[in-house]
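*Asks:* Let me give you the structure first, and then I'll get to my questions.
The values are calculated or read from the model by the stated rules, or taken from the named source; none is laboratory data. Bear in mind that the values here come from a model prediction, so they are computed numbers and not experimental data. Reconstructed Cβ throughout: ideal geometry from the backbone, glycine too, with neighbour counts over all protein chains shown. Please note that ligands, DNA and RNA were not included when accessible areas were found on the heavy atoms of the full protein model with its side chains. Shrake-Rupley method; radii C 1.70, N 1.55, O 1.52, S 1.80 Å.
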Amino acid sequence: MKKFTLLIALLLTFVWQGQAQYGCESAVVISDGYTVTGVTSPGTGGAEDWNENPSGTSINSSYWDDDVYLFEYTSGATAETISISIFTRNNWNGVGIFDDCTGTTFSNELAASGSSSASDFTHTLSATIPAGNTVYIAIGQWGTPNGVDFDVTDFSVTAITCPAPSELTATNISTTTADLGWTALGSETMWNIEVADAGMATGTATATGVSNPYNATGLTANTPYEFYIQADCGGGDESAWVGPFAFTTPCAAFDLPVSENFDGTSTGTSTSPTVPDCWTFIDG
């Protein structure tokens, strides 16, 4: 009886380990330098077919429609760039790096690669993530043979001492000013910024050592602008420039009295008015 009980326990342990990668809460934790060969799944539509297809992906979500194998990575004390190479032996497979995973759903894609017909194919993906952030790497397969069969040939991590900002915004836009903001991915407290007419930015700061948000002044009404931002981490350590982010200042109110001729242009036998900027053609 003891031998039988031990055998059952070993079998249950084997089954649990074999299925431990199926689900957000049981993703395989990896670190810099991680590699593995010969990862397979049965392709029977069992526990390995555990997820909801992700939405908003840059490739067809059906690549994760059948079996899905999941890895998990958490960045350290600084922002990092991660890179992973997956060699797949089956066709119709996809690989994605996702920022969130809850229950049976991974979401917020950071990078993805899919191959509809090629077997023996290498997918290489990279993403930049903030300090202390957890991401999920999902390897999926769709259609016959319904199972994953892959190697992780490379997983590398590069610390970023001065990460570039993200999520640029322009708010409180008036005819002559705008509040320009961004999200810092490091501990920096100063940034360099360039604000210029659309298409005229040169990669040269128009202001240095600015705070977030930055109040841009001296703008012209009814004019398209772009801005770039660069983190200044001190000691000459600066990030790459990020941008452009486009915004347009609104029209200014006319000073009264105002005169507008609306010079007509001939179109066949009718005459249509020329509507200048900051005027709206209401009724023909």
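*Asks:* So, Asn60, is that one farther than 30 Å from Thr183 by Cα and at pLDDT below 95 or not? Quick ask: steps written out before the conclusion?
*Replies:* Values: farther than 30 Å from Thr183 by Cα: no; at pLDDT below 95: yes.
For Asn60, the condition - farther than 30 Å from Thr183 by Cα and at pLDDT below 95 - is not met.
*Asks:* If we only count strands (runs of 3 or more DSSP E) wholly inside the stretch 129-205, which ones have 2 or more residues that are over 23 Å from Thr35 (Cβ atoms) and modelled with pLDDT of 95 or more? Show your work before the answer.
*Replies:* On the way: elements: 134-141, 149-160, 166-171, 178-183, 190-197.
Answer list for the stretch 129-205: 166-171, 178-183, 190-197.
*Asks:* Could you check how many residues of the stretch 89-101 are polar (S, T, N, Q) and at pLDDT 95 or above? Give the steps one after another, and end with the answer.
*Replies:* Filtering the stretch 89-101 down to residues polar (S, T, N, Q) leaves 90-91, 93.
Going one step further and asking which of them are at pLDDT 95 or above, we end up with none.
The number of residues fulfilling the criteria is 0.
*Asks:* Is it true that some residue in the stretch 44-52 is touching a helix residue (DSSP H, G or I) at 6+ places or on another chain (Cβ under 9 Å), more than 26 Å from Asn133 (Cα to Cα), modelled with pLDDT under 95 and open to solvent by 30 Å² or more (accessible area, probe 1.4 Å)?
*Replies:* yes
*Asks:* Return yes when Asp66 is in contact (Cβ under 8 Å) with a residue 24 or more places away in the chain and surrounded by fewer than 16 Cβ atoms within 10 Å (Cβ to Cβ) and no when it is not.
*Replies:* Values: in contact (Cβ under 8 Å) with a residue 24 or more places away in the chain: yes; surrounded by fewer than 16 Cβ atoms within 10 Å (Cβ to Cβ): no.
Criteria not met by Asp66.
*Asks:* Anything in the stretch 71-124 that is open to solvent by less than 10 Å² (accessible area, probe 1.4 Å) and touching a Leu at 6+ places or on another chain (Cβ under 9 Å)? List them, or say none.
*Replies:* Those that are open to solvent by less than 10 Å² (accessible area, probe 1.4 Å) and touching a Leu at 6+ places or on another chain (Cβ under 9 Å): Ala79, Ile82, Ile84, Ile86, Val95, Gly96, Ile97, Phe98, Phe106.
*Asks:* Something else now. Can you confirm whether the stretch 60-78 contains a residue that is over 15 Å from Pro130 (Cα atoms), of a type in the set (A, V, I, L, M, F, W, C) and under 16 Å from the mean Cα position of the chain (by Cα)?
*Replies:* No: zero hits.
*Asks:* Next question, about the same structure. When the residues of the stretch 137-178 are narrowed to those that are surrounded by 15 or more Cβ atoms within 10 Å (Cβ to Cβ) and either without any contact (Cβ under 8 Å) to a residue 60 or more places away in the chain or among the aromatic types (Phe, Trp, Tyr) (or both), which ends up farthest from Ala127 (Cα to Cα)?
*Replies:* Restricting to residues being surrounded by 15 or more Cβ atoms within 10 Å (Cβ to Cβ) and either without any contact (Cβ under 8 Å) to a residue 60 or more places away in the chain or among the aromatic types (Phe, Trp, Tyr) (or both), the top hit is Trp142.
*Asks:* Give me the pairs: first residue in the stretch 198-216 and more than 17 Å from Thr177 (Cβ to Cβ), second residue in a loop (DSSP other than H, G, I, E, B), beta-carbon distance under 6 Å, and six or more apart or on different chains, which are they?
*Replies:* Correct list of pairs: Gly203/Trp241.
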